[in-house]
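Visitor: Structure below; questions to follow.
The values are calculated or read from the model by the stated rules, or taken from the named source; none is laboratory data. These numbers were taken from a predicted model, which means no experiment stands behind them. Cβ sites come from the backbone with ideal geometry, for glycine too, and all protein chains shown count toward neighbours. For accessibility, only protein heavy atoms count, side chains too; no ligands or nucleic acids. Shrake-Rupley method; radii C 1.70, N 1.55, O 1.52, S 1.80 Å.
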2 protein chains.
Amino acid sequence: MNPNPAAVNAASQKGSPMSQMQNVERQLREMILGLEVGPGEKLTERWIEGRFGASRTPVRAALLRLETEGLVGRDGRGWTVAPINLAELEQIAVYREAVEVAAVRITCSCADASAIDVIEAMLDSCDENTPREEWHRVGMDFHIELAHLSGNEFLFRAVRDAMTRLSRARWLEVRDEAALGRAWAEHRAILAAIRLGDADDAARRLSAHIVGSRDRLVTSLANDRRGLRARGFAVVAA
Amino acid sequence: MNPNPAAVNAASQKGSPMSQMQNVERQLREMILGLEVGPGEKLTERWIEGRFGASRTPVRAALLRLETEGLVGRDGRGWTVAPINLAELEQIAVYREAVEVAAVRITCSCADASAIDVIEAMLDSCDENTPREEWHRVGMDFHIELAHLSGNEFLFRAVRDAMTRLSRARWLEVRDEAALGRAWAEHRAILAAIRLGDADDAARRLSAHIVGSRDRLVTSLANDRRGLRARGFAVVAA
DNA sequence: TATACCATTTTGGGATACCAAGCCGGTATC
DNA sequence: GATACCGGCTTGGTATCCCAAAATGGTATA
């Protein structure tokens, strides 16, 4: 009954056994985050079922979980890929500023130099030969791992979830080399402040970094709205 | 096939039609939050199925959603009611301090006097004749509604979810009249600061209120740990 | 031509059958 | 008596079937 052998291959190629539900959830999440299905697009349980070669039970479980991540939503009785919502993006920026700053303040008071080195190494791993995709991923992981250092599971999850919600929009954000370089410099400055244990400085820099990122994102999206709609993406105005 | 008519009655007595899934989810959540099922207790899908007169499909959906709320968790292959975890409670306090303070700062800059009056009225609705249960509920709603005033959906949800996770422990917290009176005074002082638009003062008072609340809760639970275990509640040490 | 109405199809919600893995109790062997 | 083994029972995971409601599309009528 499996029309898509790739689905089961993806499941079995991993050493650990992976349930259909985890499989569907992971693959569908990747499709959504990778914009293989456009924001605002309708989803039917039966289509997903056929697409991944799983029955409706794991499909429904995956949809329920992705709903809590904000990646899919209900449209009346049915499901839709969450549209890109400018107002929501701005609210998420405020939210992540609150939790990231709280996390970094905690980290400053119990900084572990070697852990910070690991994060700095992540930044170093990107150079001019690194694909744009990788820069995005590392830029997100920087914030996630930084929050992880706080040791607070809730701050960590909050940052991770916020970055997930932002990631589709970041993907579309136009970032030239100069902007990326500036962002990386800010990242390094934040790490330096943490190393010194200067919580106020780290918080101020992180806050400014997030606000700047938000402003660039919103401007960029507002300008590109027409192009996005042309690609079939639902973009909700702020 | 319905061994428990009460379940369907609860569904039909509401004017709006409620799906089985919502029904199971709501009732199971109430059972967990009301400590009708003890923290750490094992749950089987079949038991829930029989208890609420629903089939496994809505039961599984409800469990998946409650899992994201942190009220149930996986124990290997099965399900358990989330234990009360002291370390987690402390982390939640840090988390909610970050988001509540952020929310109240926003509210200060766009305070709506009438909305604040509504919240103050909530506080006023409690007097010496009000049952303890109601004081708890209003105390939680105070923080939730305050966050709601910020207009930021993510800060609001964060506070609401945090309060949900804390509520089982708050239920056990020993609060004498004097402690409740002090908490209410702090609530009013926070509202007063917001009315004046004094963000720093409001933030300071709110922060102190949350930290105090956390300290009382942790102490109280640590002292009561033996009693809790005697009641069959799993309590994970900090 | 526009619209109201009806038949058909689609779709999510729910129920149930089946399966494999794990748990538990009993038994036989040392 | 202790332990290793085995068989049944429980339980979550999955597939599939049924149903009601909603969407769809075509047709007849004003």
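Visitor: Here is a check on your reading of the model: is residue B:30 of a type in the set (Asp, Glu) and either assigned to a loop (DSSP other than H, G, I, E, B) or under 21 Å from the mean Cα position of the chain (by Cα) (or both)?
Guide: Yes; evaluated as a whole, the condition is true for this residue.
Visitor: So is residue B:61 of a type in the set (Gly, Ala, Ser), within 12 Å of DNA strand D (Cβ to nearest atom) and surrounded by 15 or more Cβ atoms within 10 Å (Cβ to Cβ) or not?
Guide: When the stated conditions are applied, residue B:61 passes them.
Visitor: Continuing with the same structure: Is it the case that some residue within region A:9-30 is within 16 Å of DNA strand C (Cβ to nearest atom), under 27 Å from residue A:228 (Cβ atoms) and either at pLDDT below 90 or away from every other protein chain (no Cβ under 14 Å) (or both)?
Guide: Yes, region A:9-30 contains at least one residue that is within 16 Å of DNA strand C (Cβ to nearest atom), under 27 Å from residue A:228 (Cβ atoms) and either at pLDDT below 90 or away from every other protein chain (no Cβ under 14 Å) (or both).
Visitor: So, one more: Is it fair to say residue B:71 is of a type outside the set (Phe, Trp, Tyr), within 17 Å of the chain's Cα centre (by Cα) and at pLDDT below 95?
Guide: The answer is no for residue B:71.
Visitor: So in region B:64-84, with the set limited to residues that are open to solvent by 40 Å² or more (accessible area, probe 1.4 Å) and more than 22 Å from residue B:164 (Cα to Cα), which one is farthest from the other protein chains (Cβ to nearest Cβ)?
Guide: Applying the filter and picking the extreme gives B:76.
Visitor: Still on this structure: Going through A:126, A:108 one at a time, which residue ends up being at pLDDT below 95 and open to solvent by 10 Å² or more (accessible area, probe 1.4 Å)?
Guide: A:126
Visitor: Just give me the residues in region A:118-142 being outside any helix (DSSP H, G or I) and within 22 Å of residue A:165 (Cα to Cα), in sequence order.
Guide: Listed by number, the list holds a single entry, A:131.
Visitor: Being surrounded by fewer than 17 Cβ atoms within 10 Å (Cβ to Cβ), within 12 Å of chain B (Cβ to nearest Cβ), hydrophobic (A, V, I, L, M, F, W, C) and part of a helix (DSSP H, G or I) is true for just one of A:158, A:87, A:115, A:162. Which residue is that?
Guide: None of the other options fit; the residue is A:87.
Visitor: Could you list, in sequence order, the residues of region B:40-56 that are part of a loop (DSSP other than H, G, I, E, B) and open to solvent by less than 40 Å² (accessible area, probe 1.4 Å)?
Guide: Within region B:40-56, B:40, B:53, B:54 qualify.
Visitor: Here's a follow-up. Can you go through A:69, A:88, A:134, A:177 and tell me which one is of a type in the set (Asp, Glu) and touching a Cys at 6+ places or on another chain (Cβ under 7 Å)?
Guide: That would be A:134, the only listed residue that is of a type in the set (Asp, Glu) and touching a Cys at 6+ places or on another chain (Cβ under 7 Å).
Visitor: Moving on to the next point. Assess whether residue B:29 counts as being open to solvent by 30 Å² or more (accessible area, probe 1.4 Å), within 16 Å of DNA strand D (Cβ to nearest atom) and in contact with a Leu (Cβ under 7 Å, 6 or more places away or on another chain).
Guide: no
Visitor: Note down all Cβ pairs under 6 Å where the first residue falls in region B:13-38 and is of a type outside the set (Lys, Arg), the second is modelled with pLDDT under 90, and they're at least six residues apart or on different chains.
Guide: B:18/B:11; B:23/B:11; B:38/B:232; B:38/B:233
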